[in-house]
Structure formats: C-alpha cells, structure tokens
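The values are calculated or read from the model by the stated rules, or taken from the named source; none is laboratory data. The structure displayed is predicted, hence computed values, not measured ones. Cβ placement follows ideal geometry from the backbone for every residue including glycine, while neighbour counts extend to all protein chains displayed.
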Amino acid sequence: MSAIAVNLQAVLSRIAAAATACGRQPEEIALIAVAKTFPAEDLIEILRAGHRRVGESYLQEASSKQMRVAQLAPDLKAEWHFIGPIQSNKTRRIAEDFDWVHSVDREKIAQRLSAQRPAHLPPLQVCIEVNLSGEVAKSGVTPDQLPGLAAVVAHLPRLALRGLMTIPDPAQPRSVQRATFARLRQLALDLRSQGLDCPHLSMGMSDDLEDAIAEGATLVRVGSAIFGNRPQKRGLPATLAPST
Ligand SMILES: *Cc1c(COP(=O)(O)O)cnc(C)c1O
C-alpha cells in the first residue's frame with residue numbers, strides 16, 4: 001500500500017475508535033479527504049483505495065485537479081466537496097463542478113449557487129459556515145445571522161440545506177475548541193426545532209476529529225493526516241511526510 005493509502009486507513013481507524021468511544025456508530029461519520037496543495041495524483045490514490053469523498057479549498061486549484069483526474073482516471077468518480085471561502089465571481093464553477101459546498105455564508109452566494117446549478121444535476125448539497133470564534137478575518141455567519149440564512153438556503157430551489165460547518169480558532173485551548181463544536185451542534189438542533197432539515201455537522205480536522213466526533217460531527221474534513229504536512233505557503237511543493 002502507498003503511504004497515502006496507509007494514512008487513509010489510519011484515519012478511518014481513528015474515526016471508528018472515536019465513534020465507539022462515545023457510543024456512536026462509525027458509519028454515522030463520513031470522511032472528506034482534503035487534498036488542497038497536493039497534486040491530482042495523490043487524489044487519485046485516494047480514489048483507487050476506494051474512497052470517494054474529497055474536499056478542496058481553492059477553486060482554481062480544484063478545477064485543474066478535476067480535469068486532471070478526469071484525464072488520468074476517467075473510471076474513478078469522486079464526490080467533490082468545496083470547503084473554502086467563496087467569492088461571488090466563482091460561484092458558477094462551484095455550482096457546476098461540485099456535489100457539496102460547506103462554506104456558504106451569505107445570501108448573495110446562496111442565490112447565485114442556486115441560479116447557476118445546472119438543471120441536469122441534483123440540488124447542490126449545502127452546509128452553512130458559522131463563525132463561532134469571533135475571528136474577524138474568518139468567513140462564516142454569526143449565530144444571530146444563521147436562522148435567516150438557513151431559511152433562505154432551505155427555500156432556494158436548486159440548493160439542499162444539509163447542515164452546518166465550523167472551524168474553531170486554532171489559537172484557543174483545546175477545551176474552548178471543543179466547546180465550539182458543542183455550540184454548532186446546539187445551533188443545528190435549534191434549526192431542526194424550527195422545522196428545518198439540518199442533519200449534518202461538518203466539523204473536525206486532522207488534529208481535533210476525536211473531539212468533533214464526541215460532539216456529534218457527521219462530516220470530518222481531514223487533510224494533513226492523510227496527505228502529509230502542507231507547506232506554510234500555497235504553491236510550494238508539498239511533502240508526503242505523515243503528520244505527527
Ligand atoms: C485544510 C482544511 C481542512 C483540513 O485540515 P487538516 O488540518 O490538514 O486536516 C479542513 N477544513 C478546511 C476548511 C480546510 O481548509
């Protein structure tokens with residue numbers, strides 16, 4: 001097995017162990033392999049290992065990788081998740097080329113994605129990103145803005161509201177980050193009690209997936225634990241060293 005396939009199995013084992021530890025079924029949690037900064041060849045290894053859900057954060061990089069995967073491995077079908085910040089001039093590509101978007105955080109983006117979703121495809125699966133750490137530079141709605149945006153997304157014809165997404169502030173202590181996951185779960189419960197269908201919690205990454213699963217994560221987005229450490233700056237060659 002390749003290093004990537006070995007790492008993938010190790011992450012799936014971590015997910016299963018974390019689920020069991022809190023009395024959940026491992027099948028309740030889906031892994032999204034986040035391939036940003038890594039080449040299409042690495043992504044293909046994941047697909048060849050039988051894993052379908054992959055995530056990307058930068059649209060241009062994602063588009064060229066999608067073309068490359070289609071060329072090199074036309075038989076392998078990925079489920080593409082867009083998880084990065086969304087600029088309004090990039091919505092068409094996202095609406096056409098992705099199955100899921102985790103980072104919707106304003107009405108204008110939601111409306112454009114719905115209008116641009118091609119008719120032959122099923123509705124775009126949407127999670128709303130919530131900013132619970134108060135970091136100003138980060139995308140995501142505030143908890144106050146969430147019910148309004150959720151109602152908009154739920155009613156747009158070509159979007160399907162599926163859940164909420166958050167990224168805790170990595171500078172905060174672990175206990176605070178875990179409390180952030182708990183708050184996201186509560187916000188999803190609040191939406192459900194208002195009759196919205198909002199089953200998914202997209203939370204947890206390489207370093208904190210156990211905490212996220214203990215707080216109810218159903219979609220974990222894992223990059224470095226599978227593909228290796230990313231260089232600090234985008235565009236530099238990435239190493240395949242497994243993360244510690
Ligand atoms: C990069 C990224 C991840 C994966 O992070 P790792 O720490 O490498 O697992 C998850 N979610 C988002 C939104 C990301 O941009």
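Looking at Ile83, Ile94, which is the one that is closer than 21 Å to Ile167 by Cα, crowded, with 21+ Cβ neighbours inside 10 Å and touching a Leu at 6+ places or on another chain (Cβ under 7 Å)?
Ile94
Please find, among His81, His102, the residue that is within 16 Å of the ligand (Cβ to nearest atom), in contact with a Cys (Cβ under 6 Å, 6 or more places away or on another chain) and within 17 Å of Ala35 (Cβ to Cβ).
Result: His102 is the single residue among His81, His102 that is within 16 Å of the ligand (Cβ to nearest atom), in contact with a Cys (Cβ under 6 Å, 6 or more places away or on another chain) and within 17 Å of Ala35 (Cβ to Cβ).
Against the definition (within 17 Å of the chain's Cα centre (by Cα), within 20 Å of Leu209 (Cβ to Cβ) and touching a residue at least 12 places away in the same chain (Cβ under 8 Å)), how does Val130 come out, yes or no?
yes
Quick check on region 160-176. Is at least one of its residues of a type in the set (Asp, Glu), over 17 Å from the mean Cα position of the chain (by Cα) and over 28 Å from Thr20 (Cβ atoms)?
no
Among the residues in region 107-121, are any within 16 Å of the ligand (Cβ to nearest atom), outside any loop (DSSP other than H, G, I, E, B) and within 15 Å of the chain's Cα centre (by Cα)?
no
Given the structure, is Ala182 modelled with pLDDT under 95 and out of contact with any Lys or Arg (no Cβ under 7 Å at 6 or more places or on another chain)?
The answer is no for Ala182.
If only one of Glu56, Glu61, Glu28, Glu41 is crowded, with 22+ Cβ neighbours inside 10 Å and charged (D, E, K, R), which one is it?
Just a single option satisfies the conditions, and that option is Glu56.
Just for region 24-42: of the residues that are on the phi < 0 side of the Ramachandran plot, within 14 Å of the ligand (Cβ to nearest atom) and not small (Gly, Ala, Ser), which one is farthest from the chain's Cα centre (by Cα)?
Only one residue fits best here, namely Asp42.
Test of understanding: among Ile167, Ile213, which residue is more than 28 Å from Ala40 (Cβ to Cβ), surrounded by 15 or more Cβ atoms within 10 Å (Cβ to Cβ) and at pLDDT 95 or above?
Ile213
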